[in-house]
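First up is the structure itself, then whatever we jot down about it.
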Amino acid sequence: MADVLYTKDILRLAADVPRLERLDEADYSARKVSPICGSRIDVDITIENGRVADYGQSVRACALGQASAAIMGAAVVGLPLSVFEQAAEDMAAFLKGEREAPPEAFGVAGVFAPAKDYKSRHASILLPFEAMAEIAAKARQTA
């Protein structure tokens, strides 16, 4: 299993997670924990004109969770908050094999294709997507 899941691309992403500093003054924050393995991510964002202006994260996760956090950290700034709830649903559907490709803004997440057959690993991969979906929902409710 390790040979299939922990590819060079996954390990490369996991070794270089951007934005690993929590924000001192966040507009919104979220924590997500995988009930299966205990992987955890804390996410902070600031918003400007409906878009993510800044992003910080603390990640305690396996290589899959770290790689997913790296993908989110690299893509998130500048994206409108409105994309994140759908992105989380689309990423979950991709992992379940119900969708051919990951969400467009996170196309590099295609590296997780081998994880489709390992449902127990999906929760770690989805942590940053679910955190951002929660933040987007909070922002929508308070707007």
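Summary table
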quantity	calculated
Protein accessible area in the chain, 1.4 Å probe - carbon and sulfur %	46
Accessible surface, the chain, averaged per residue in Å² (probe 1.4 Å)	51
Positive minus negative residues near residue 21 (Lys, Arg vs Asp, Glu; Cβ under 14 Å)	-3
The range 55-143: GluC sites (Glu not before Pro) falling in loop per DSSP and having at most 15 other Cβ within 10 Å	98, 100
Degrees separating the helix 63-75 axis from the principal Cα axis of the chain, which is the longest one	40
Alpha carbon convex hull of the range 60-130, volume per residue in cubic angstrom	78
Ranked by how many other beta carbons lie within 10 Å on average, peptides 6-15, 53-62 from highest	53-62, 6-15
Listed residues 97, 124, 37: farthest to the positive end of the dipole of the chain (Cβ charges)	37
Equivalent ellipsoid, the chain (semi-axes from 5 times Cα gyration tensor eigenvalues, Å)	24, 16, 13
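The values are calculated or read from the model by the stated rules, or taken from the named source; none is laboratory data. Keep in mind it's a predicted model, so treat the numbers as computed, not measured. Every residue, glycine as well, gets a Cβ built from its backbone with ideal geometry; the counts of neighbours run over all protein chains shown. These accessible areas exclude ligands, DNA and RNA; they are computed on the full protein's heavy atoms, side chains included. Shrake-Rupley method; radii C 1.70, N 1.55, O 1.52, S 1.80 Å.
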